[in-house]
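Notes follow the structure.
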Amino acid sequence: MSQISKTEQILKEVIQYNINIAAISEIRWLGSRIEPLQDGYVLANSRHENRRQAGVGVLMSPAARRAILKWTPVNKRIIFT
């Protein structure tokens, strides 16, 4: 299953169960960023810059995103908000 379809699957479940914030492990994307998703949801991730291993993320609803003033990717295991 591709990474995009995994993201879409998680987003579908988050929307279905009305979850505002979901922590996700083993993201395995390169770099740290905030990725915009559909319907105003975003996925902030923190991971290793050069390897596709480990990585954590926080998937947020539009309301949760507005409540976060800033986020700091610390390392491949920690995001500080």
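In whole Hz and in residue order, list the ³J(HN,Hα) couplings for segment 7-21 that follow from phi through the Karplus curve 6.51 cos²θ - 1.76 cosθ + 1.60, θ = phi - 60°; x for Gly and Pro.
Going residue by residue, I get 4, 4, 5, 5, 4, 4, 5, 4, 5, 4, 9, 6, 8, 8, 9 Hz, with x marking Gly and Pro.
By per-residue mean of other Cβ atoms within 10 Å, what is the highest-first order of 63-73, 20-30?
Order by mean packing, descending: 20-30, 63-73.
If amide H atoms are built 1.01 Å from N in the plane of the peptide, which residues on other chains or at least 5 residues away come under 5 Å of the amide H of VAL42?
LEU37, MET60
Laboratory data are not the source of any read-out in this text; all were calculated from the coordinates shown. No experiment lies behind these values; they were computed from the predicted model shown. Here Cβ is always computed from backbone atoms with ideal geometry, including for glycine, and neighbour counts include all displayed protein chains.
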